[in-house]
Amino acid sequence: MAFEKFRRKASSKMRDYQRRTSAAPTPSWMQGRYGSDHLGRLLLVLSLVCIVLSLFPRLWLLSLVGLVILSICYWRMFSKRTDKRYQENMRYLRATAGIRRRVRKARKRHADRKVYRYVRCPECRKEMRVPKGKGTVRIVCPACKSEFTTKS
């Protein structure tokens, strides 16, 4: 009996939470428009940086550059040519894939720095994680199957 009461109360709280956090429907004037994407966010950040930097003396031209970039950002957002905007965004993502991969890898290494140590295979240069604090460990490379030892 008490469990049923608890379950009903928990489910009503969950429904309230879902109702509060659900995304609002797209306004009718925005339907069929492209909206925001990775390239749009980059343009928005660049425009804000230019506008903030224009507050310094003798950099007033940056405010014009920032406004031009911001207008391009909004033009892309409100565009109805979604296929063209999608292609532009995909070109941007392909061009920045290597940089984004390196940043993601560096963040992961930084998060793992207290638990793991990263080592490279002397044969094929493949990078592997080794748990820290295990002393000298023997590692078999999963790519080339060579064995080597290292401190962890």
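Let's see how each residue does on (1) of a type in the set (G, A, S); (2) at pLDDT 85 or above; (3) out of contact with any strand residue (DSSP E or B) (no Cβ under 7 Å at 6 or more places or on another chain):
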{"residue": "R8", "(1), (2), (3)": "no, no, yes"}
{"residue": "R20", "(1), (2), (3)": "no, no, yes"}
{"residue": "S28", "(1), (2), (3)": "yes, no, yes"}
{"residue": "H38", "(1), (2), (3)": "no, yes, yes"}
{"residue": "L55", "(1), (2), (3)": "no, yes, yes"}
{"residue": "V65", "(1), (2), (3)": "no, yes, yes"}
{"residue": "L70", "(1), (2), (3)": "no, yes, yes"}
{"residue": "C73", "(1), (2), (3)": "no, yes, yes"}
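Does segment 79-97 hold any residues that are loosely packed, with under 14 Cβ neighbours inside 10 Å and in contact (Cβ under 8 Å) with a residue 12 or more places away in the chain, and which are they? Correct list: K80, R81, T82, Y86, L93.
In segment 100-120, what residues are in contact (Cβ under 8 Å) with a residue 12 or more places away in the chain and either farther than 15 Å from S152 by Cβ or out of contact with any Ser or Thr (no Cβ under 9 Å at 6 or more places or on another chain) (or both)?
First, the residues of segment 100-120 that are in contact (Cβ under 8 Å) with a residue 12 or more places away in the chain: 112, 114-119.
D112, K114, V115, Y118 - these are the residues of segment 100-120 that are in contact (Cβ under 8 Å) with a residue 12 or more places away in the chain and either farther than 15 Å from S152 by Cβ or out of contact with any Ser or Thr (no Cβ under 9 Å at 6 or more places or on another chain) (or both).
Note on segment 112-152: among residues that are basic (K, R) and surrounded by fewer than 10 Cβ atoms within 10 Å (Cβ to Cβ), the one that is nearest to R102 (Cα to Cα) is K114.
Would segment 93-103 turn up any residue that is in contact with a helix residue (DSSP H, G or I) (Cβ under 7 Å, 6 or more places away or on another chain) and at pLDDT 85 or above?
Checking segment 93-103: at least one residue is in contact with a helix residue (DSSP H, G or I) (Cβ under 7 Å, 6 or more places away or on another chain) and at pLDDT 85 or above.
Within segment 25-51, the residues that satisfy the criterion of being farther than 14 Å from R85 by Cβ, outside any helix (DSSP H, G or I) and not hydroxyl-bearing (S, T, Y) are P25, P27, Q31.
The values are calculated or read from the model by the stated rules, or taken from the named source; none is laboratory data. Just so it is clear, the model here is predicted, and its values are computed rather than measured. Note that we place each Cβ from the backbone using ideal geometry, even for glycine, and neighbour counts take in every protein chain shown.
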